[in-house]
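What follows is one structure encoded as structure tokens, with my remarks underneath.
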Amino acid sequence: MNPRLKVKLLLATLSIVPIYSLSNPSYVVAESSEEVELEKIYLFHEGERLDEIAEDILETYQNATVDLIDEISTIVVKASTTTDEEAIEKLLQEKYSHVFEESGAVHSISTGDIQPTILNDSPSRELIDFNSIKKDNSNMFSIQTTEDVEDDESLYKSWLWDVELVTNNGASYEIESGNHDVKVGIIDSGIDFNHPDLKDNILSPGVSLIDGITDTQDYMGHGTMVAGAIAANGNVKGIAPNVGIVPYKVFHTGNASTSDVIEAIVVAANDDMDVINLSLGVYKSLKDKDEKAEYRAYNRALKYAKKKNSFVVAASGTESVGLDISNAKKLAEARGFPGDKQHHMPGGLNNVYTVAATNKDNNLSDYSNYGKNVSAGAPGGDYGPLAEEGLFDIRYMTLTTYPTNLPQSEISEYVGFDQGYEFMIGTSLAAPKVSASAAVVIAKYEEVHGKKPSIKEVTKLLDRGAIETDAKRKYGSGIINAHDSLKLIENKKK
């Protein structure tokens, strides 16, 4: 982490939607929001140095904690009492009125925790007859076991339809598979440092942004899944199997903080991450003063990352039925807040490449948010064409890495996988496929031109290489294709 005044990191709560629940695809998203008691975010004129202000708060209110994000002229303060909170607000508004802009509460968000096992605890699990699966390989849930394939490599490869689509059946690897000079920062729950498919590509322990947590090992699973889609290189291959990855931990056991995520973007940009992946998101009201401050802080962080030439990729968001996130008024109404105006963020904001999820049939996944502010789609999978009838087909889901220290699901074990591989769906798994595609594009561009491309150039190459579909108006340029984007660089060289 780059040095700066950092008195104490603050912890609010941002919980994860159940990643393996059949009713809730993989995604970190806000369903409800409550104010975190005595914790506020303060924005000052951009470019102002805030060391003196932070020190003034601490000298006057010694029981307060202050998190200074100087690069975006933002301070997060947690007071010890309501009286202190009101006094700090008054101090900043009066003594520093010449640089003070606005303040708002930091909000807690609670939607449930990641489930470590797929189908095992689902109310629909009784629809799957494991005995019939063994007897009848033609039924809906036919599974290739180790007896059905020649070797372990074929066992895993047979499930990677999503990776095959983005890489043109692995052809992109022949053009560019990444290198450790290109770095992807993963803002998430950490990474499993012991996973055989990932450990060789993890460049450093990274940074924990969580108060009281110093290690960046993944105890939830979400970050390891995202990492696998990017840089797995073993039984499972990601889109960029030789690129470098670094964890920025904002989730530990289901809780995170909007302020931690905002700060992580700044820290990752300072660490010269070429790509920053954000498989997470929240909704913020543009009419609620408290939430508007967080919205503006997100925009500042993304603007700062662009200035540092970090290409930021974020998920469009997941709902039981996908929503159009391009119209703030209609989005609020669809979420049950008529008369309000809401934004999904960071996906959907300016200075971020926003990704929707598509399925095995190259259609928009029914749970995926979409809209004019979505940049592209990428495979996130779904539960198959008969899901509405209660028949869930794992062949339409995606396969990626999972922490080796967490319990293995019954389905994964039955298929014959080693511990550390699971099926999943969601925009959380679509976004990293774009992050990985951006990483190989950056690597190839540097190889050809002797310098790394600008964010504008990366965006153009991803957009031009995308596969056009009939529904592309819902997700920008189409479905991301690393191979075709790389070919654009290669052909230009010729």
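Odds and ends about this structure:
- Of all residues in segment 460-494, exactly one satisfies the criterion of being of a type in the set (A, V, I, L, M), within 22 Å of Leu323 (Cα to Cα) and surrounded by fewer than 22 Cβ atoms within 10 Å (Cβ to Cβ), namely Ala471.
- Some residue of segment 147-161 being surrounded by 24 or more Cβ atoms within 10 Å (Cβ to Cβ) and touching a residue at least 24 places away in the same chain (Cβ under 8 Å): no
- Meets criteria (in the same structural domain as Ile175 (by TED's automatic domain parsing), touching a Ser or Thr at 6+ places or on another chain (Cβ under 9 Å), among the aromatic types (Phe, Trp, Tyr) and closer than 17 Å to Gly223 by Cβ) for Tyr402: yes
- Hey, Arg300 at pLDDT 90 or above and either among the aliphatic types (A, V, I, L, M) or out of contact with any helix residue (DSSP H, G or I) (no Cβ under 9 Å at 6 or more places or on another chain) (or both) or not: no
- Selection count, segment 263-299, where residues are of a type in the set (D, E, K, R), assigned to a helix (DSSP H, G or I) and under 16 Å from Arg335 (Cβ atoms): 1
- Residue in segment 41-62 that is modelled with pLDDT under 85, aliphatic (A, V, I, L, M) and in a strand (DSSP E or B) present: no
- Selection over segment 332-385 of residues that are under 26 Å from Ile262 (Cα atoms) and hydroxyl-bearing (Ser, Thr, Tyr) gives a count of 6.
- Restricting segment 405-459 to residues that are surrounded by 24 or more Cβ atoms within 10 Å (Cβ to Cβ), of a type outside the set (A, V, I, L, M, F, W, C) and assigned to a loop (DSSP other than H, G, I, E, B) leaves a set whose member that is modelled with the lowest pLDDT is Gly426.
- In segment 405-427, the residues that are closer than 21 Å to Gly234 by Cα and of a type in the set (Gly, Ala, Ser): Ser409, Ser412, Gly416, Gly420
- Of the candidates Asp188, Asp192, the single residue that is at pLDDT below 95, touching a strand residue (DSSP E or B) at 6+ places or on another chain (Cβ under 8 Å) and acidic (Asp, Glu) is Asp188.
- Selection count, segment 76-112, where residues are of a type in the set (Lys, Arg), surrounded by 17 or more Cβ atoms within 10 Å (Cβ to Cβ) and modelled with pLDDT of 90 or more: 0
- Pairs meeting the criteria (first residue in segment 86-101 and closer than 9 Å to Phe44 by Cα, second residue among the polar types (S, T, N, Q), beta carbons under 7 Å, at least 6 apart or on different chains) are Phe100/Gln93.
- Residues within segment 305-325 that are within 23 Å of Ile425 (Cβ to Cβ) and part of a loop (DSSP other than H, G, I, E, B), tallied: 8
- Filtered residues of segment 227-254 (kept if touching a Lys or Arg at 6+ places or on another chain (Cβ under 7 Å) and part of a helix (DSSP H, G or I)): Ala229
- Thr214 being at pLDDT below 95, in a loop (DSSP other than H, G, I, E, B) and either in the same structural domain as Lys452 (by TED's automatic domain parsing) or surrounded by fewer than 16 Cβ atoms within 10 Å (Cβ to Cβ) (or both): yes
- If you go through segment 256-280 and keep only what is over 13 Å from Tyr304 (Cα atoms) and either within 15 Å of the chain's Cα centre (by Cα) or at pLDDT 95 or above (or both), you end up with Ala256, Ser257, Thr258, Asp260, Val261, Asp274, Val275, Asn277, Leu278, Ser279, Leu280.
- Residue check, Gly228 among the small types (Gly, Ala, Ser), buried (at least 24 other Cβ atoms within 10 Å of the Cβ), under 13 Å from the mean Cα position of the chain (by Cα) and at negative phi: yes
- Assessment of segment 165-184 against the conditions (part of a strand (DSSP E or B), at pLDDT 95 or above and in contact with a Phe, Trp or Tyr (Cβ under 7 Å, 6 or more places away or on another chain)) yields no matching residue.
- Residues considered: Lys249, Lys292, Lys329, Lys287. Of these, the only one that is assigned by TED's automatic domain parsing to the domain that holds Met424 and free of Cβ contacts under 8 Å to residues at least 24 places away in the same chain is Lys329.
The values are calculated or read from the model by the stated rules, or taken from the named source; none is laboratory data. These numbers were taken from a predicted model, which means no experiment stands behind them. When we count neighbours, we look across all protein chains shown, and the Cβ atoms used for this are built from the backbone with ideal geometry, even at glycine.
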